[in-house]
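Here the structure comes first, spelled out in structure tokens, and everything after it is commentary.
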Amino acid sequence: MNERTDAVVGEEPPRASAGAVLSYLLGGLAFWGLIGWGADRALGFDTLFLPIGLLLGLVGGIYLIITQYVRS
Amino acid sequence: MYSAASEEGCHLFDPGCKFEAPGTSLFFPNPWLDFGLPATSGITKYTLVLVVALLVAAGFWYFTTRNAKVVPGRGQSMAEMLVSFIRDQITRTTMGKEGDKFIPLLLTLFLFIFSMNIMGLIPGLQLPVTSNLAFPAVLAIFVFILWNAVGIRRHGVGGHIKARLVPGGVPVWILPVVVPIEALSNFVIRPATHMIRLFATMFAGHLLLAVFAAGGWYMFNLFGAPNAGLGLLSAGFSGIALIGFLVFTAFELFIMAVQAYVFVLLSSIYLGEAMEGAH
């Protein structure tokens, strides 16, 4: 366990982070965007919850990136 | 192989002749044997090339290790170099000593993917197996299942799911927003990008080579041109395409090795993460 920590966390960030950052952003936009779109459809709005959902997803994704990869 | 322009023998300046760029039909060869099952392609060139790639990968180990000695010969030392490369560059840096038990798997994956990729450069075959999404998909899904199995075995079902869904250091009231994102990112997007990364690079590289070859062939019309100057010009352009083809062939060889390495490296990172649990 210690060796792993030394090798990966020691100087450089974990190497999977580039892919993970992208998938957080995509996942956030896709999931909450879809929820917003579905809410629009179900409640009969044109575009009200879609942008809200996209925004929420974007904020959530960025928040995850910060807590998982920037602060740690 | 590059039959878009070559089969018709169609060249620049020929009357009624138009350049047809090679398209995605390259990746859907006509089946030699079709069983008529839905959503299957039957036995195609891919099947043949896959078998050849498998034989190459298996033959490599057979011939390099059948007479293993304490003082290795040329073949054996090549195989040993490959093993220590996977160990030192991939498993030790991502999993530490614990990762040693995955060396055989990752080594096999690396050599198999590399030999599947390199089939794109073998004259006569010239079709990288990994340029069809089905083959990287099977490998990526296999790694995904193994990733779950390793995590569940180490941390239990609940522990594994929790480690993958609940990010550390996040207040409880934010969890409803981020847990679905984590779920989508870990269980859908990551295996998808894992397979698409390999597939897309091989697909694009093969198409690029095909365009160079078809374009070079199409432009070569030394004797059929209206006059000698245009004939020489067409030969010159054709030569440039040929040089491009050769340069990109060398570049493709490099890409093929890099993509096999990246696929295995990512597999190793994922497996290491599953062993580690919550982060």
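The values are calculated or read from the model by the stated rules, or taken from the named source; none is laboratory data. No experiment lies behind these values; they were computed from the predicted model shown. Here Cβ is always computed from backbone atoms with ideal geometry, including for glycine, and neighbour counts include all displayed protein chains. Heads up: the accessible areas ignore ligands, DNA and RNA and are worked out on the full protein's heavy atoms, side chains in. Shrake-Rupley method; radii C 1.70, N 1.55, O 1.52, S 1.80 Å.
State whether the residues of region B:69-83 include one that is acidic (Asp, Glu) and modelled with pLDDT under 90.
Scanning region B:69-83, I find no residue that is acidic (Asp, Glu) and modelled with pLDDT under 90, so the answer is no.
Table: residues versus (1) buried (at least 17 other Cβ atoms within 10 Å of the Cβ); (2) within 25 Å of A:Ile65 (Cβ to Cβ); (3) touching a His at 6+ places or on another chain (Cβ under 9 Å).
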{"site": "B:Ala149", "(1), (2), (3)": "no, no, no"}
{"site": "B:Gly159", "(1), (2), (3)": "no, yes, no"}
{"site": "B:Gly168", "(1), (2), (3)": "no, yes, yes"}
{"site": "B:Ile174", "(1), (2), (3)": "no, yes, no"}
{"site": "B:Met195", "(1), (2), (3)": "yes, yes, no"}
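Quick one: is B:Ile189 crowded, with 16+ Cβ neighbours inside 10 Å, closer than 30 Å to B:Glu252 by Cβ and either β-branched (Val, Ile, Thr) or at the interface with another protein chain (Cβ under 9 Å from one of its Cβ atoms) (or both)?
So B:Ile189 fits the description; yes.
Going through region A:29-58 one residue at a time, which ones are without any contact (Cβ under 8 Å) to a residue 24 or more places away in the chain and within 10 Å of chain B (Cβ to nearest Cβ)?
A:Leu34, A:Ile35
Residue pairs, Cβ under 6 Å, 6 or more apart or interchain, first in region B:29-42 and in contact (Cβ under 8 Å) with a residue 60 or more places away in the chain, second surrounded by 11 or more Cβ atoms within 10 Å (Cβ to Cβ). List them.
Note: pairs meeting the criteria are B:Pro29/B:Thr44; B:Pro29/B:Lys45.
Go through (1) part of a helix (DSSP H, G or I); (2) within 14 Å of another protein chain (Cβ to nearest Cβ); (3) of a type in the set (A, V, I, L, M, F, W, C) and name the single condition B:Val170 misses.
(1)
Could you grab me the full set of residues in region B:10-50 that are assigned to a helix (DSSP H, G or I) and within 24 Å of B:Ala225 (Cβ to Cβ)?
none
Evaluate the following for B:Arg153: is it closer than 22 Å to B:Phe263 by Cβ and modelled with pLDDT of 90 or more?
No.
Can you tell me which residue within region B:232-264, out of those that are in contact with a Lys or Arg (Cβ under 9 Å, 6 or more places away or on another chain) and open to solvent by 20 Å² or more (accessible area, probe 1.4 Å), is nearest to B:Ile103 (Cα to Cα)?
The first filter runs over region B:232-264 and keeps only residues in contact with a Lys or Arg (Cβ under 9 Å, 6 or more places away or on another chain), leaving B:259, B:262-263.
Adding the requirement that they be open to solvent by 20 Å² or more (accessible area, probe 1.4 Å) leaves B:259, B:262.
Values: B:Gln259: 18, B:Val262: 15 Å.
Selected residue: B:Val262.
With respect to B:His206, determine if the residue is open to solvent by less than 30 Å² (accessible area, probe 1.4 Å), more than 16 Å from the chain's Cα centre (by Cα) and away from every other protein chain (no Cβ under 14 Å).
Spelling it out, it is not the case that B:His206 is open to solvent by less than 30 Å² (accessible area, probe 1.4 Å), more than 16 Å from the chain's Cα centre (by Cα) and away from every other protein chain (no Cβ under 14 Å).
If you go through region B:70-124, how many residues are open to solvent by 30 Å² or more (accessible area, probe 1.4 Å), hydrophobic (A, V, I, L, M, F, W, C) and not in a helix (DSSP H, G or I)?
4
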